1. Quick one: helix B:21-55 against the long Cα principal axis of chain B, what's the angle to the nearest 10°, folded into 0 to 90?
2. Starting from the Cα gyration tensor of segment B:17-175, multiply each eigenvalue by 5, take the square root, and state the resulting semi-axes largest first in whole Å.
3. Considering chain A as a Gaussian network with a 10 Å cut-off on Cα pairs, which listed residue, A:L51, A:L89, A:L152, attains the greatest mean-square fluctuation?
4. Accessible surface of A:E52 in the full protein assembly, 1.4 angstrom probe, to the nearest 10 Å²?
5. Any idea what angle helix B:205-233 forms with the longest principal axis of chain B, computed on alpha-carbon atoms, 0 to 90 degrees, nearest 10?
6. On each of the three principal axes of the Cα atoms of chain A, give max minus min coordinate, whole Å, ordered largest first.
7. Select from A:S166, A:F224, A:L183 the residue farthest towards the positive end of the dipole of segment A:156-243; place +1 on Cβ of Lys and Arg, -1 on Cβ of Asp and Glu, and compute about the Cα centre.
8. Roughly what % antiparallel, to the nearest 5, for the DSSP beta bridges in the protein assembly as shown?
Amino acid sequence: MIEISHVNKWYGPTFQVLKDCTTSVAKGEVVVVCGPSGSGKSTLIKCVNALEPFQEGQIILDGIKVNDPKTDLPKLRARVGMVFQHFELFPHLRIIDNLCLAQEKVLGRSHEEAVAKGNKLLERVGLTVHANKYPAELSGGQQQRVAIARALAMDPIAMLFDEPTSALDPEMISEVLDVMVDLAHEGMTMMVVTHEMGFASKVAHRVIFMDKGEIVEDAQKTDFFGSPRSERAQKFLSKILSH
Amino acid sequence: MNYNWNWHIFFEPNPTGSGTYLDMLVSGLWLTIKTALLAWIIALIFGTVIGILRSLPSKTASWIGFAYVEFFRNMPLLVQLFLWFFVLPELLPRAAGLWLKQLPNAPFWTAAIGVGLFMSARVAVQLAAGIASLPRGQKQAATALGLTLTQGYRYVLLPMAFRIIMPPLTSEFLNTVKNTSVAITIGLIELTGQARAMQEFSFQVFEAFTAATVMYLAINIIVVTGMRFLERSLAIPGYITGK
C-alpha cells in the first residue's frame, strides 16, 4: 500500500532531516512511528502524501509514485486521510460543513450526499449533537474526533496520523484513541506518529523507531517491546515507559 | 477679524445657476461617494490578487507582489494622480494619448483608478499579513484533503484572513474616502472642490468647509457603522477574534 524507499530530505543545503528511510505499510496494517522529537517522524509521514517534498528516493502509494511530477497530487491526497496534531478544523465552518467541504469540492458529491455521509460519521465518533456548532465551541478531544471523521468522509484507502493526541489534555486522549483503535480493528491501513505506547502495544502490527532522521528500528510489535535491538531504542523506551 | 457669519448662505442661489450652494455641495458629496466606492472596489480586487501573490511560496509570485506594493506605496498619492493624468497620455502613442485626454469624465476615472491602485497596495499588505497569521496547518489540512491551491485559498484561507483583517480594512476604507479629496488637483470637483468653489464665490470660507467637514464625517460614520455590522455578522461563535 505504502512503499517508502531510500528517501532523503534536506532543509536548506546542509541540514538533513531524513536519511535513507526505507519501509513499507501493507494493506490493513497499523504501523506506529515513534522516536524523540526532531527525529523526522512527522516529516516522514508528511512525505507520504507529498505535504513535504523530498529530494531523493521514492514513495509509492497504492501503485502511484508520489514524487512523480506527472502525478495528480490533489487527487492522490484526497484518497489518503490525514489527522494533525492541532486538529486544523476550519474555524469559520460548522462541524458538518467541515465534513462536507472536501466531499463536495474534491469528490464532487452532492450536498445531500455529503451531509448524509457526514452525519453518519459524526454519529460514529459520537458527536451528532454538535453538527451545527463551530470548532471553537468544542473541546480538543471532540475537535480531534471531528478531524478524524472529516478524513474518513473522503473514504480513504489509508490514514496518516501526525501525533493526534499530543496537543490534548490527558483526560481527552482516550476518547480519541478509542476511535483510532476501532478504526484499526476494522482493518484500516494506518501510519501513526505517536508516543502512546499503550496504543502501539494494543493495535500496532509494527513499530518504527526513528532517531536523527534515520529509521533505527523497524520491527514487529512484540519484538520491539520485547527486545529492541538498538541501544537508542532501548534508551527511548526506558525513558517513556519508566512512569 | 471682520468675518460676517452667514449660515443662510447654503440656501442662497449659487452663481453657476445649478440651484443653491447646498445643491453644489451635495453634488460634490455624491461625486466623492461615487469616486470612493469605485476606488475601494478596485483596491479590494487588486489588493486581494496581490496579497495572495505575496503569500505564495513561488519566488516569482512574491517578487511581483513585492514590486507592485513598493511601487504604489512609496510614491505620494498626489504624484501618482499627476502621473496618470498628465504624464501617461504623453507617454502613449499620440492617438492613444489624445483619446485618453478627451475621455469624458477623465478626472473621475483617473481619480478612482489612481486612488484605487494606491490603496490596493495597502490592502495587499494587510491581506498577506492576515494569511500569514493563520496556522501553517490550515493550508496543510486543506491540501491533505485534496483541495487544490485555488480551492484552499477560496474556501479555507481567505475567509479566515479577511475576517482577521476586518478592523484595519475599515481604516483603509476610511482612508480611501478621504484620499479622494486629492483629486481636486486634477480637476475633479468633488466635495472638497465644491467647498472651495463655494468659498470663492461667496467668501463664506468657514461655512463652506464646516459643511464639507460634516459631510465627510457623515460618510465615514456610515462606513464605520457598516463595517462594524459586517464584522459582527461574520463573527465566528467561540473564536477568539470573533468576539
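The values are calculated or read from the model by the stated rules, or taken from the named source; none is laboratory data. Just so it is clear, the model here is predicted, and its values are computed rather than measured. A quick note on method: Cβ atoms are made from the backbone with ideal geometry, for glycine too, and the neighbour counts reach across all protein chains shown. We work out accessible area using only protein heavy atoms, side chains counted, and drop any ligands, DNA or RNA first. Shrake-Rupley method; radii C 1.70, N 1.55, O 1.52, S 1.80 Å.
1. 20
2. Details: eigenvalues 258, 84, 31 Å².
Semi-axes, largest first: 36, 20, 12 Å.
3. Judging by the Gaussian network model, the answer is A:L51.
4. About 20 Å², ignoring ligands and nucleic acids.
5. 20
6. Result for chain A: principal-axis Cα extents of 53, 47, 32 Å.
7. Projecting each Cα onto the dipole axis, the largest value belongs to A:F224.
8. On the way: 21 of 37 bridges.
Just about 55 percent of them are antiparallel.
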